[in-house]
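Worksheet: the structure to be examined is printed underneath.
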Number of protein chains: 2
Amino acid sequence: MPELRKDPIVGRWVIIATERARRPGNFVDATFHNTDPKDCPFCHDKDSKEIYALRDPKDPQAPWKVRVVESGTPLFSGTGSVHRRGHGLYDMCDSFGAHEVVIETPEHIANMADLSVEQIKNVFETYSLRINHHKKNPDFQYALAYKNYGKAAGSRLIGHARSQIMATPVNPIRVKDKISGAKKYYEYHERCLFCDIIRQEKNSGERVVVETQHFLAVTPFASRFPFEVWVLPKVHACDFAEGVAGYENDLAKMMKELLLRIKIGMDDPAYNYVIQTAPFRLENSGGLKYRTIEQDYHWHMEILPRISRVAGFEKGTGFYICPIPPENTARFLREVKI
Amino acid sequence: MPELRKDPIVGRWVIIATERARRPGNFVDATFHNTDPKDCPFCHDKDSKEIYALRDPKDPQAPWKVRVVESGTPLFSGTGSVHRRGHGLYDMCDSFGAHEVVIETPEHIANMADLSVEQIKNVFETYSLRINHHKKNPDFQYALAYKNYGKAAGSRLIGHARSQIMATPVNPIRVKDKISGAKKYYEYHERCLFCDIIRQEKNSGERVVVETQHFLAVTPFASRFPFEVWVLPKVHACDFAEGVAGYENDLAKMMKELLLRIKIGMDDPAYNYVIQTAPFRLENSGGLKYRTIEQDYHWHMEILPRISRVAGFEKGTGFYICPIPPENTARFLREVKI
C-alpha cells in the first residue's frame, strides 16, 4: 500500500505510491479513456468487491440504484493499522483507511446533471450512510466524499457517473485550516462565519446562483477560480451526515439545477465537487461516540469547474488569480436557460 | 487595476481581475503561442517601460545582458495606495505593488537550462537587486521571484527565457504557513528546521539530486508532485538577497546542472520555480531598516515540473498523491547523462 508522509514545514500529508509506482521514464499518465456502454466497467461490473447497494426495499430482486464498491486501485486500505512512525526528523504512517467508489446510477449516464432529482438524492443518502459508517472507526479522523467529472478534473474513465469516498487516518490540512479560520471568527464575534456569509450573500444577492428552501449556492467573494461555486446549507450544522438529514431532497434539487446551469452555460466543462464536513472527534476518551465541532464550523460543498491552470505566482504564494469577478459569473449562471 | 480580496475562512488573498475581465462566454484562455525570433516581443521590445538593465560597466554602449520591464498586463501597480477596506464581513484592498518581467537574455533562447552559468548568475543578481529595491517600500510585505516555463506551467508566450517579480502589499498565505511551521520546530528544538533537513538529506543521500559547495538540491521527503525539487542553501539565511550574496555563481552552477538534468531526462517538460524568501519586516516601528525572521526561517527554491494534474481528493483535503517515490526520481535525475 502507499505510504503517508508529512511535510515537516507546513504539516501537509501526501500519499506516496510505492507498490504500484510507475517508473520515472513512464511518468506521464495517459490512461484515461471514454468508456463504451458495451464494455463499461461500471455497467457490467462483476469483479469489484461490493460494499453496499441501494435497492428498493419492496423489491430486493430489482437491480441496484446506487452501488458502492472498493476502488480497484486503492490509495487507502482497511487492513493493517495506522502505524505512525518517524524517519529521522520526518513523520509518516501507513495508508490505513478506506477508498470507495460510488456508482451513481445503473444507467450509462456521464454527468450527475443528467440524473433525476430522485437519483441524486439517493447518491447523497449513500454518502451519509458511508460517512456515518467510517465515523465509527476510532482510527479514522476524516471522510471526504468528492467527484472528479471529466478529464481535466482528474477522471480516468469518462462516461459513467460516479464519485468517491475516502476515509483518512490523519486530519487533512485544508480542513484544519478551515476549522481554524472559522474558530477565530467565532471567538471574536460569537457567531458562525458561514451563517454570517449566508446572511450577507442573501442580502446583496449579487453572487447568488441558485437558492432553494434550505440551501444557497453562491460564487464566493474571494473566488480562486472562475465559476467556483459554494453550496451552503441554511441550517447550521458542522457535520454533513447529521446536517443533511431530512434535507436530502432539497439538496438534490439544488445540485440538479446548479450542475445543469454549469453544463449548459459552459458547454459541459470538467468539474470537481468536494463535501467539506467537520473532522471526526471523540466526545470523551473512553467512549466510542463521536461529536464534531458544534458551533464554529458549518459543513458546505465546493464545486470547482476546471477551466484554468495555475502558474508560478500561485505556486509560490498561495494567491490565486481569478480572471472574471464572481459577480459576473453568478449573473451568467443565473441567466442560463435550463 | 485588479482587486485583492481575502477569503474569510482560511485567510487566503486572491486577485480578482476587474478591468480587463473577460466575459464569461470567453473564459477559456487560449492566448498562448510560440514566439518567432523574427517578431519575438522580447527580442525586439521597444514599447515596454524599462525599469532596469544590466550592462557591461566597461562598455555601457553594448547591448543589455538582463533587462527588467513593467508587465504589459500588470496584476499589481505602483500607483495609488493599498487602501485596505471592508465590504460587510469581507476584507479587500487595492493591488498596490509591482509586477515586473525579467528578460533573462537578449538571445532567443527558451529554457534557462540553455543559458550559460554566467548568464544565469546575472539573472539571480537581478532578482536580488529588485527584491532589495522593493524591500524599501514600507507598504510592500513580500516579493516573489518566479518562473513559468512552458504552456502547462502557465506561460503564454513560449520561446524567450524570462521570469517575473511580484511585490505584494499583503503577506502570502503559503509563506505565512511555512514561517509558522518552521517557527514551531525552532521553538521546540532550538534549531532551524531547514538546516536539520539539509543535514539529514546529506547524510542519507537517497533524495539528493545535485550538490555544489554551497547548495543542495533534493526531492523532498513528502513530495507533492513527481520530480518536485528543492534547492536549499547550506549557509543559513532567511532572506534570499542577503543569503545569496557572494554565492550567486555557485547557485547558477547548481541551477544550470539541475535544469539540464530535468530537460534531458524528462524531455523538456514545463516547469515553475519559485524563490521562497522571508517576508519583509520592520526592525522597529520608527525606522525604515528592515529585517526578516533571523533564526527560524531559511530561504529556499522550489522547482516544480508540471507533468501531473490534481483531482477532487487534493482539492478537498490539501493532500497530494505522488505516483513515484521521491527516492526514485532523485536517482533517475542523478543518472541522467548531461
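The values are calculated or read from the model by the stated rules, or taken from the named source; none is laboratory data. Bear in mind that the values here come from a model prediction, so they are computed numbers and not experimental data. Neighbour counts are summed over all protein chains in view; Cβ atoms, including those assigned to glycine, are modelled from backbone coordinates with ideal geometry.
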- Query: Of everything in segment A:94-113 that's in contact (Cβ under 8 Å) with a residue 60 or more places away in the chain and touching a helix residue (DSSP H, G or I) at 6+ places or on another chain (Cβ under 8 Å), which residue is nearest to residue B:182 (Cα to Cα)?
  - Reply: A:98
- Scan segment B:136-168 for residues that are among the basic types (Lys, Arg) and over 23 Å from residue B:249 (Cα atoms) and jot them down. B:136, B:151, B:156
- Residues being crowded, with 20+ Cβ neighbours inside 10 Å and either over 22 Å from residue B:248 (Cβ atoms) or aromatic (Phe, Trp, Tyr) (or both) - total across segment B:203-213: 1
- Task: Hey, can you tell me all the residues within segment B:156-172 that are outside any strand (DSSP E or B) and surrounded by fewer than 20 Cβ atoms within 10 Å (Cβ to Cβ)?
- Result: B:156, B:159, B:171
- Over segment A:178-200, the set of residues basic (Lys, Arg), under 19 Å from residue B:177 (Cβ atoms) and more than 21 Å from the chain's Cα centre (by Cα) is A:183, A:184
- Query: Can you name every residue in segment B:224-269 that is touching a Phe, Trp or Tyr at 6+ places or on another chain (Cβ under 8 Å), under 15 Å from residue B:330 (Cα atoms) and not aliphatic (A, V, I, L, M)?
  - Reply: B:224, B:225, B:226, B:227, B:265
- Selection within segment A:81-103 - outside any strand (DSSP E or B) and either over 25 Å from the mean Cα position of the chain (by Cα) or within 14 Å of another protein chain (Cβ to nearest Cβ) (or both): A:83, A:84, A:88, A:89, A:95, A:97
- Note on the structure: Flagged in segment B:280-292 as within 30 Å of residue B:259 (Cα to Cα) and either modelled with pLDDT of 95 or more or touching a helix residue (DSSP H, G or I) at 6+ places or on another chain (Cβ under 6 Å) (or both), in numbering order, are B:280
- Kindly indicate whether any position in segment A:247-258 is within 14 Å of chain B (Cβ to nearest Cβ) and in a loop (DSSP other than H, G, I, E, B). no
- Any chance segment A:76-93 includes a residue that's out of contact with any helix residue (DSSP H, G or I) (no Cβ under 6 Å at 6 or more places or on another chain), modelled with pLDDT of 95 or more and hydroxyl-bearing (Ser, Thr, Tyr)? yes
- Item | Enumeration of residues in segment A:294-309 that are farther than 15 Å from residue B:14 by Cβ and either among the acidic types (Asp, Glu) or more than 7 Å from chain B (Cβ to nearest Cβ) (or both) | A:294, A:295, A:296, A:297, A:298, A:299, A:300, A:301, A:303, A:305, A:306
- Item | Among residues of segment B:164-175, those that are within 8 Å of another protein chain (Cβ to nearest Cβ) and touching a Lys or Arg at 6+ places or on another chain (Cβ under 7 Å), counted | 1
- Message: Name the single residue that is farthest from the other protein chains (Cβ to nearest Cβ) among those in segment A:177-213 being under 30 Å from residue A:3 (Cβ atoms) and either touching a residue at least 12 places away in the same chain (Cβ under 8 Å) or in contact with a strand residue (DSSP E or B) (Cβ under 9 Å, 6 or more places away or on another chain) (or both).
- Response: A:179
- Query: Of the conditions (1) within 19 Å of residue A:276 (Cα to Cα); (2) crowded, with 20+ Cβ neighbours inside 10 Å, residue A:136 fails just one. Which one is it?
  - Reply: (2)
- Message: Scan segment A:140-161 and tell me whether some residue there is over 30 Å from residue A:267 (Cα atoms) and at the interface with chain B (Cβ under 9 Å from one of its Cβ atoms).
- Response: yes
- Item | Matching residues, segment B:214-230, being surrounded by 23 or more Cβ atoms within 10 Å (Cβ to Cβ) and among the aliphatic types (A, V, I, L, M) | B:217, B:218, B:222, B:229
- Task: Could you list all residues from segment A:101-135 that are over 20 Å from residue A:248 (Cα atoms) and charged (D, E, K, R)?
- Result: A:107
- When residues of segment B:129-139 are filtered for being outside any helix (DSSP H, G or I) and either at the interface with chain A (Cβ under 10 Å from one of its Cβ atoms) or in contact with a helix residue (DSSP H, G or I) (Cβ under 9 Å, 6 or more places away or on another chain) (or both), how many remain? 0
- Note on the structure: Selection from segment A:36-89 of residues free of Cβ contacts under 8 Å to residues at least 24 places away in the same chain and of a type in the set (S, T, N, Q) yields A:61, A:79
- Task: Please list, ordered by first then second residue, the pairs with beta carbon atoms under 7 Å, 6 or more apart or interchain, first in segment B:310-324 and closer than 17 Å to residue A:7 by Cβ and within 7 Å of another protein chain (Cβ to nearest Cβ), second among the polar types (S, T, N, Q) and crowded, with 24+ Cβ neighbours inside 10 Å.
- Result: B:322/B:223
